[in-house]
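Participant: Would you mind keeping the following structure in view while I ask a few things?
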Amino acid sequence: MDAIKLPQSESEGSLFVYLETYGCQMNVSDSEIVASVLRSAGYGLTHDPLQADVVLLNTCAIRENAEQRVRRRLEFFRARKRKRNPDLKIGVLGCMAERLRHRLLEQERLVDIVIGPDAYRDLPRLLRQVEETGQSAVNVQLSREETYADIAPVRYDSNGVSAFVSIMRGCDNMCAFCVVPFTRGRERSRNAATVVQECQELLDAGYREVTLLGQNVNSYRDGPVDFATLVYRVSLLSPQLRIRYSTSHPKDCSEALLEVHRERPNVCNFIHLPVQHGNSEVLQRMRRGYSAEEYRELIERARRICPDVSLSTDIIAGFCGETEAEHQDTLSLMEEIQYDHAFMFMYSERPDTYAARKYTDDIPEETKKRRLSEIITLQNSISRRRNEMEIGRTHTVLVEGASKRNPEQLCGRTDTNKMVIFDQGTLQAGMYANVKIKGCTSATLFGEVLSG
Ligand code: SAH
Ligand code: SF4
Ligand code: F3S
């Protein structure tokens, strides 16, 4: 995901903070919590890193290249501090902070503050400590309870239409390849009443779409409220409010949840169900908790209960020991399922994970690259085919704002999570429009507005 910057400077606050976000939607949501904590403590937020007194990078550790990007950015700010602004304070937040606390502070002396994802309430104290002592400050304590349930996120980079709502934190799954359980700690669910309340407040503020966030939303539980019940409750707030969620783990995607999709028109007809691989032995080595057959059955059930459901996935190429035949199984599964969209990655070994401790990262770089590129080529052609099938159909689109390609036009998403571009007419962000699809690429649909 691209770095996110604040849209405009604010006048309040004696010190200005620039906050840049890497990684997944959880991190975007966390940055909104951080912005709230900082504002309450009297800090101003700026979109201009060169005007900032404090630069904070909210980081991702999921793959080696994600970390390298952040390191390069840190080098840039450190050089600036040395040459231009010795008072500049630099902080690392999020998943890399958790993983690299010692190295960042001691060995590399790159930063002034290191703060993990469960310690953001402590950020003002750490900033003061750095100001007062000139020493670096750290808090990477993970928590079993922290959900920031009472903190109202400051949605500083929002389009005012669509918002993330964090419903749980951490992950207990321990997939063999994944660093997240180490960087974000134990799984815990946020109180259901505060989730519903936050969604109501977003609706009142004019938002028309919420995405409920967690690493494995299907294992959400607050007393008697499971995930299907939570989605159902949020869906009752208003037919005008669309509900999405991410990420749904295939091993416990319940029938009850699929029924909620079917029954509630404002629960979007789209599910992100990361398969990771198409071969059961590889899935077992990955410790995903399902076989390729079980995954196929789940997709069948989803399509039976929610006809026309749109599906996306995550896929990893070149996991430890992956044979050519196993790789072919991923391609066949993709061909068979026909995902609308996929996020595709080359396996990157992460220190301390089960895979790093027990297996050998034995697939040569060139082979990983070639397999990934075969996966991407196949998915692009499937996405194009799926999009071509949309031509002639009419969708209800939630208008998000100006199109990036052509500011004269608007963009918005279908219920099935496809981006559509269309003429503005009398439409505005936050309105629903009926749009007839006239053309497409593998990534975007082009449409004509029938009625707003
Ligand atoms: N909680 C989500 C995944 C979050 S991480 C789930 O279980 O579905 C997002 C994606 O990054 C994963 O689905 C996986 O495809 C990819 N990923 C995670 N660790 C990786 C690694 N070590 N190398 C390559 N890709 C990885
Ligand atoms: Fe990582 Fe697996 Fe948890 Fe997803 S479910 S965050 S892949 S450990
Ligand atoms: Fe990255 Fe942490 Fe998200 S490792 S993908 S920012 S949970």
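Participant: Please give every one of the lysines within straight-line cross-link reach of K81, meaning a C-alpha to C-alpha distance under 26 Å, and leave out same-chain neighbours fewer than 8 residues apart.
Facilitator: Those lysines meeting the cut-off are K5, K89.
Participant: Same structure again: What cysteines in the chain have no other cysteine with a beta carbon less than 4.7 Å from their beta carbon?
Facilitator: Those would be C24, C60, C95, C171, C199, C253, C268, C306, C320, C411, C440, since no other cysteine Cβ in the chain comes under 4.7 Å of theirs.
Participant: With the cut-off at 1.5 for a/c, could you classify the range 394-451 from its C-alpha gyration tensor as rounded, prolate or oblate?
Facilitator: Values: a/c = 1.37, a/b = 1.11, b/c = 1.24.
Rounded shape, in that the Cα axes give a/c under 1.5.
Participant: Now for a separate question. Through the Karplus equation 6.51 cos²θ - 1.76 cosθ + 1.60, θ set to phi - 60°, convert the phi angles of the range 311-320 into ³J(HN,Hα) values in whole Hz; use x for Gly and Pro.
Facilitator: Each residue of the range 311-320 in turn: 10, 10, 8, 10, 9, 10, 9, x, 5, 3 Hz.
Participant: Based on the Cβ-Cβ distance from E297 to R405, what FRET efficiency comes out when R0 is 35 Å, to the nearest 0.05?
Facilitator: Working: r = 40 Å, r/R0 = 1.14.
With R0 = 35 Å, the Cβ-Cβ based efficiency is 0.30.
Participant: Could you work out how much longer the chain between S14 and E131 gets when fully extended? Use 0.36 nm per residue separation minus the Cα distance between them, nm to one decimal.
Facilitator: Working: separation 117, 0.36 × 117 = 42.12 nm, distance 1.29 nm.
Computed gain between S14 and E131 is 40.8 nm.
Participant: Sort I376, I363, I115 so the one with the fewest other Cβ atoms within 10 Å of its own Cβ comes first. Don't skip to the answer; put the middle values down first.
Facilitator: Values: I376 14, I363 20, I115 27.
Sorted ascending by nearby Cβ count, the order is I376, I363, I115.
Participant: How high is the FRET efficiency from E349 to R186, r the C-beta distance, R0 22 Å, rounded to 0.05?
Facilitator: Details: r = 23 Å, r/R0 = 1.07.
Result of the calculation: an efficiency of 0.40.
Participant: Counting other C-beta atoms within 10 Å, which of L203, L50, L311 has the fewest, and how do the rest follow? Intermediate results must be reported in sequence, preceding the final value.
Facilitator: Details: L203 18, L50 11, L311 22.
Going from sparsest to densest Cβ surroundings: L50, L203, L311.
Participant: Suppose R0 equals 25 Å. What FRET efficiency, 1/(1 + (r/R0)^6) with r the Cβ-Cβ distance, do I391 and M431 give to the nearest 0.05? Show your work: numbers first, answer last.
Facilitator: On the way: r = 24 Å, r/R0 = 0.94.
Calculated value: 0.60.
Participant: Classify the range 4-139 as rounded, prolate or oblate, taking a ≥ b ≥ c as the square roots of the eigenvalues of its Cα gyration tensor: rounded when a/c is under 1.5, otherwise prolate if a/b is larger than b/c and oblate if not. Intermediate results must be reported in sequence, preceding the final value.
Facilitator: On the way: a/c = 1.31, a/b = 1.14, b/c = 1.15.
Judged from the Cα gyration tensor, the range 4-139 comes out rounded (a/c under 1.5).
Participant: With point charges of +1 on the Cβ of Lys and Arg and -1 on the Cβ of Asp and Glu, referenced to the Cα centre of the chain, which listed residue (G134, M168, A61) lies farthest in the positive direction of the dipole?
Facilitator: G134
Participant: Could you check the simple spin-label distance between R370 and M419, using points 7 Å along Cα→Cβ, in nm with one decimal?
Facilitator: 3.2 nm
Participant: List every residue whose amide H lies under 5 Å from the amide H of L56, counting only residues 5 or more places away in sequence or on a different chain, with H placed 1.01 Å from N in the peptide plane.
Facilitator: Under 5 Å from the amide H of L56: Y18, L19, E20, G91.
Participant: Report D for the chain in µm² per second (integer): Stokes-Einstein, Kirkwood Rh on Cα pairs, 25 °C, 0.890 mPa s. Could the numbers behind the result be given before it?
Facilitator: Details: Rh = 23.2 Å.
In µm²/s, the coefficient is 106.
Participant: Any chance you could run the full-extension gain for Q197 through E259? It's 0.36 nm times the residue separation minus the Cα-Cα distance, nm to one decimal. Don't skip to the answer; put the middle values down first.
Facilitator: Numbers: separation 62, 0.36 × 62 = 22.32 nm, distance 2.36 nm.
Here the answer is 20.0 nm.
Each value in this text was obtained by applying a stated rule to the coordinates, not by laboratory testing. Please read these numbers as outputs of a predicted model, since none were measured by experiment. We place every Cβ from the backbone using ideal geometry, glycine too, and count neighbours over all the protein chains shown.
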